[in-house]
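Peer 1: For reference, the structure I am asking about is given below.
FYI, it's all coordinate maths here, none of it is from the lab. Nothing here was measured: the structure is a model prediction, and the numbers come from that model. Every residue, glycine among them, receives a Cβ derived from its backbone with ideal geometry; neighbour counts consider all protein chains shown.
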Amino acid sequence: MIIDDNEQITKMLTTFLELNEHDCTVANDGSEGLKRIKENNYDVILLDLAMPEFDGYSVIKDLEDNNMLKDQKIIVFTASTITQDELDGLVKRGVSAYILKPIDIDILHSKLKEIAQL
């Protein structure tokens, strides 16, 4: 699953995943993504932290509050300025990995193989 408000990024990620023979679901905001996560099981969730209104941090907090975070494999990505301590804090809370934008497909591929055996 991809949760990102940037259509260009979702298209790029969808193309990459489909070329590697993976099914892909896209949500264009955090609330839509959270709803889908609660209704379905996904091998991995690619989550943008910086989205308007219901952002990636809100998705993580909701999953955490509902004891669902530990069951998810989440790779977060962001273009915003974020400290190493903040990134490490997300990993301690249960996020599987993080990638800084612009997204390097080789790094993403490596993280997917490592985390979700995709």
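Peer 1: If the cut-off is 23 Å between C-alpha atoms, which lysines fall inside it for Lys70, apart from same-chain ones fewer than 8 positions away?
Peer 2: Lys35, Lys38, Lys61, Lys92, Lys111, Lys113
Peer 1: Sort segment 8-118 into rounded, prolate or oblate with this rule: let a ≥ b ≥ c be the square roots of the eigenvalues of the Cα gyration tensor; rounded if a/c is under 1.5, and if a/c is not under 1.5, prolate when a/b is larger than b/c, oblate otherwise.
Peer 2: Taking the square roots of the gyration eigenvalues as a ≥ b ≥ c, segment 8-118 is rounded.
Peer 1: Could you work out how much longer the chain between Gln84 and Asn40 gets when fully extended? Use 0.36 nm per residue separation minus the Cα distance between them, nm to one decimal.
Peer 2: Values: separation 44, 0.36 × 44 = 15.84 nm, distance 3.13 nm.
That pair, Gln84 and Asn40, stretches by 12.7 nm at full extension.
Peer 1: Now for a separate question. Test of understanding: in a Gaussian network model of the chain with alpha carbons linked when under 10 Å, which of Ala27, Ala79, Ala50 would top the mean-square fluctuation ranking?
Peer 2: Residue with maximal mean-square fluctuation among Ala27, Ala79, Ala50: Ala79.
Peer 1: Right, another one. Using a cut-off of 14 Å between beta-carbons, work out the net charge of the residues near Ile105 (Lys and Arg +1, Asp and Glu -1, Ile105 not included).
Peer 2: Neighbourhood net charge equals +1.
Peer 1: When the Karplus curve 6.51 cos²θ - 1.76 cosθ + 1.60 is applied with θ = phi - 60°, which whole-Hz ³J(HN,Hα) does each residue of segment 16-26 get, with x for Gly and Pro?
Peer 2: 4, 5, 5, 5, 9, 6, 10, 5, 9, 10, 10
Peer 1: Related question: For the chain, what is the charge dipole size about the Cα centre, in debye to the nearest 20, if Lys and Arg each add +1 at the Cβ and Asp and Glu each add -1 at the Cβ?
Peer 2: 280 debye
Peer 1: Calculate the FRET efficiency for Gln8 and Lys61 from the Cβ-Cβ distance with a Förster distance of 25 Å, rounded to the nearest 0.05.
Peer 2: Rounded to the nearest 0.05, the efficiency is 0.40.
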